[in-house]
Amino acid sequence: MTMMGELTGGKLEAVALGRVLAMDTASEYMAVALGNGQGELVTSADQAAPRQANVCLLPSIDSMLAEAGVDKRELAAIVCGRGPGSFTGTRIAMATAKGIARGLGLPLFGVSTLDAVAWSAWQGGLRGSVGVVVDAMRHEVYPARFTLDDTGVIRLDPHTVAKAAAQAALWRTGGQSLLLIGDGLCKYAADFSEADGFLLADEAFWHPGGHGLLLAFAAALRAGQQGSGDAGALLPIYTRLSDAEENERLRLASGGSLAQGAEIAVPRSGVNDAAAPHAEVIRADGRQLPTGTGFQAAVADDADSPQPMPEAHRCDLKELCHCGPVPQSFTPPITGVMASIGTSSVPAALHYRPMAAQDVEAVAALEAQCFAAPASGSEHDSVRASSGECWSAQTLAAELAAPNRTWWVAWRSDNLAGFAGGWLIDGDLQVLDVAVAPEWRRQGVASALLRHLLEDAKVLGAVSASLEVRASNQPAQALYQALGFVEVGCRPGYYAPITLGEHQSTHEARHCGPEPQSFNLPANAAVLHPEATASTGISPNTAREDALILRYTFEVPLPGEVLINHSVRHCRHRPAFSPDQPGSQPRILAIETSCDETAAAVIDGAGRLLANVVASQIDFHARFGGVVPEIASRKHTEAIVAVADEALSQAGLANYQQLDALAVTYAPGLIGALVVGVAFAKGLSWASGMPLVRVNHLEGHIYANCLQDADNPINTGGFVDATSPTNISGSTANASTVASSPAVAAKPVATIAASPAAAAGPAAAEPANVSGPAAAAGPAAAAPKPAAAPKPPFVIALLSGGHTMLVLAHDWGHYDVLGQTLDDAVGEAFDKVAKALGLGYPGGPVISKLAAGGDPAAIDFPRALLHSHHLDFSLSGLKTAVISWIREQEAAGASISLPNVAASFQQAVIDVQAAKALAACRLTGAQTFCLGGGVAANRALRDAYQQKLGEKGIRVVFPPLFATSDNAAMIAAVALDRYARGIFMPLDGDAAAHTDLGQEY
């Protein structure tokens, strides 16, 4: 598809002279302005907008341009405040700006909100030494000192965050008199007293203004620091990790539990990161796809590039029941109650997490193994460093408690595979150490560890990362270059010399990583013949070796992975438009960001799903035992442009102007996640002039029952592999990749069929996803028939990690909720039980996998509300019952079969769900039952519905597996109907965390 080209001198000149739209919502004061790249203001619309940015921003921009008589198509660039400030507020402006930039095909640039505050004050006439103090919540501020003189504004400090009182004390020790501005003074003015040399400027200077944004951008443009202009590359400035990550670091550094709340067993390595394996990411046009959801080294000849995971290490995706994408494998703790599982039933995998106090001894031992000089007479005696010492256990322990550090480890069961650490100094992550155990080299471990360091650095506001590497170590250089590091300099004689013995070898093994200056060369490092030293700058035996300085810059998002499967898919619901009617083939782009999946899909008026793309975040949430809303929102901001771009590319569209409408999930879900999708879609809608359809996420799960594979129109109910949508993930991905091609990318991936005849396709041997008298006919029914879309009225169970409800669909768009959970949702119950047992996250797939080998009648767990006279559910007591039973058995010294525990727990859930579904059908008289949500992928649950309802003559319809987890295909299916009815979202529309499915919207 057509993208904005490289910013050459001519384009930058056009930006400097052309119209520039600037916006910032990082505080409760919204700044909006129109001007040019030289900082000249045309007009502004600054205003207070506490918690109303998503409602006010676009209407204000639209009114401002209209009053100025400027058409949005006259704009040359978009400028957005990047924070630091309110996390949600910053992302609203960022996502809106990204949508506008993509809709108009313009470059998007970012400026610091602190700089905008300083430039606004400068424009207002303030001069001297100024301290900006912006509210960071939690009694913290974002501080920075500036010098304001007649020539402009000079920043003196990098972005950081600090307690207000501590920052005041730090500035006091400098003895410098500061004039203070910033909205942090509204809360913390008492910490900055005049007696200590602080003066508070007039409140008129405390907020960023639109003109200040333009001036800050003009200064960056003059300095050549404006950035790439790529909307997908621009990220907010956070300066700190999420609360969950910060609390995790504190817990681990203090010797706390390695698992997130496991109540029975504590695994050593509590997060499955399928960063090994990584697959090379190649788009149809041959370029790598940047998603911002992870960091990947996609270099075919990288010596550390990963190898495909053995087949035995992959979970069977057809048997998973969790609402989201799942890791490929899972490593249980081989302790306590977990010992009965065995590694054969649940294969081990590499797990990555921040380093803990419990890791220090193992890390120090691996450090010594990789970097210490070997004992005399060892097999590596010919390759030893002449001086230096390794990190000690004491030093490593101190590192955990030190500020601005990031250390990661990779474990497999009880074996440390590798570790890496870095130190953030003045916006630069200095990579301190990387080491990989010999048996894990050449499997992508070093790449994965460095990716985690870079992810942390990016969040903490780093603008670059740097390291030194021996000039002779070409394998290590190849690794770093594959990750995006480039050579920027050389330090002559930086490293101690390599002492060569008479048994020297030309063996060139994988280098474990960069070494601090005092470190030895690893015992397995490259050994050079004396005659080879002329080309490397090393003199044999005595000369010190040069160090190459490598640097990575965060101007582009960290590249991720794309897994593409171009299977045609159909939506069996009747088309909203006649294929034969001229002009009746609108193409709609749908966006879904309700939880932890960033998804986009394209559908046309005939109901053909042309693209379906999902970016998974599961690897970022797994170690916390559930979805962390703040992390989810951050990752949506990073991935949304790349996901939407990939959907257009997969649909064979060159740009957004080839679309006819847009759609977005507006509710229900995580509000911080929803606002990103809504803001992006609204910005794209406003810029392109396309109408925007808002969709209820739960209604999407209802419409998922209309989707089916075109290549296999028989919906198999999940028992035969349903092809997955394009999956973009940071470090969680399948092992195989189907590379796309231009010919394949434009192929439709789904269609709405008006009837069974319309969905007819090649004969298949699989049974349809319907049950009842015809479906139960036995061998005589061997010839399969395509399953038609469910026809209202029907009852549907919506089961996911956030919802459990029975709904009567009177018609498409007209629903009544018959019953819902009083506490936990079904998917949530699976996750909680798995977390309680130390099984990891997501819990549904693991429990379902274990349950397949257990006895569902082994333990009689309670069936809450099974015999009640209503259709509500209660699941919270199951977790307590499971944990209590386990503890009772342990106290009695009895053996425990975890597969039996999992099977019995799962059966307790299934019995209630199936019974209430039958009761709902009897109550309403519905002869069709449907299923939606992530738990709809659970095979045992599907079997139970088919048996219990099918034997009563009730037709049972299931969505295909690709449509059970959160995806934009189902949102697109809803949008097609709503578009045909002319129901659109206004510019002041907003997201909603909760909504009533029974109420029309």
With labels modelled as points extended 7 Å from the Cα through the Cβ direction, what inter-label distance (nm, one decimal) is found for Thr880 paired with Tyr1001? 3.3
Between their Cα atoms, which of Lys835/Lys916; Lys187/Lys458; Lys163/Lys879; Lys11/Lys458 are more than 31 Å away from each other? Lys163/Lys879
Any idea how far the Cα center of the stretch 424-501 sits from the one of the stretch 820-899, in Å? 45
Got a sec to turn the phi values of the stretch 149-161 into Karplus ³J(HN,Hα) couplings, 6.51 cos²θ - 1.76 cosθ + 1.60 with θ = phi - 60°, whole Hz, x for Gly and Pro? 10, 5, 7, x, 10, 10, 7, 10, 10, x, 6, 7, 9
Computed over the Cα atoms of the stretch 131-172, what is the ratio Rg over Rh, Rh following Kirkwood? 1.03
Eigenvalues of the Cα gyration tensor times 5, then square-rooted: what semi-axes does that give for the stretch 852-1001, in whole angstrom, largest first? 36, 20, 16
Counting only DSSP loop positions in the stretch 3-93, the GluC sites (Glu not before Pro) whose Cβ has at most 15 other Cβ atoms within 10 Å are Glu6, Glu40
Debye intensity ratio in log₁₀ form over the Cα atoms of the stretch 157-205, taken at each q of 0.17 Å⁻¹: -0.48
The set of residues whose placed amide H lies less than 5 Å from the amide H of Phe109, leaving out same-chain residues fewer than 5 positions away, is Ile78, Val79, Cys80
Give, as ranges by residue number, the residues of the stretch 31-56 whose backbone N falls under 17 Å from the point 7 Å along Cα→Cβ of Ala14. 36-38
Estimated FRET transfer efficiency when R0 is 25 angstrom, pair Gln889-Ala857 (beta carbons, to 0.05): 0.90
With a 1.4 Å probe and every protein chain left in place, work out the accessible area per residue of the stretch 880-926 in Å², rounded to a whole number. 38
On the first, second and third principal axes, largest extent first, how far apart are the outermost C-alpha atoms of the stretch 159-248 in Å? 46, 39, 23
Could you give me the ³J(HN,Hα) list for the stretch 452-468, computed from phi with Karplus coefficients 6.51, -1.76, 1.60 and θ = phi - 60°, whole Hz, x at Gly and Pro? 5, 4, 5, 4, 4, 4, 4, 5, 7, x, 5, 9, 7, 9, 9, 6, 10
Using θ = phi - 60° and the Karplus form 6.51 cos²θ - 1.76 cosθ + 1.60, what ³J(HN,Hα) does each residue of the stretch 97-113 get, whole Hz, x for Gly and Pro? 5, 5, x, 5, 4, 5, x, 9, x, 10, x, 10, 10, x, 9, 5, 5
For Val693, what residues show an amide H to amide H distance below 5 Å, using hydrogens built from the backbone and excluding near sequence neighbours? Leu662, Ala663, Val664, Met985
May I ask you to derive the FRET efficiency for Lys952 and Gln585 from their Cβ-Cβ distance with R0 = 30 Å, giving the value to the nearest 0.05? 0.10
Residue separation times 0.36 nm, minus the C-alpha to C-alpha distance between Thr147 and Asn404: what's the value? 89.9 nm
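Go ahead and run the numbers for FRET between Asp823 and Thr395, Cβ-Cβ distance against an R0 of 56 Å, rounding to 0.05.
Computed FRET efficiency for Asp823 and Thr395 comes out at 0.70.
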Taking placed amide H atoms and a strict 5 Å upper bound, the residues 5 or more places from Asp433 or on another chain that come that close are Gly421
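The values are calculated or read from the model by the stated rules, or taken from the named source; none is laboratory data. Please read all numbers here as calculations on a predicted model, not as lab measurements. FYI the Cβ positions are ideal-geometry reconstructions off the backbone, even for glycines, and counts take in every protein chain you see. The area values use the complete protein model at the heavy-atom level, side chains included, leaving out ligands, DNA and RNA. Shrake-Rupley method; radii C 1.70, N 1.55, O 1.52, S 1.80 Å.
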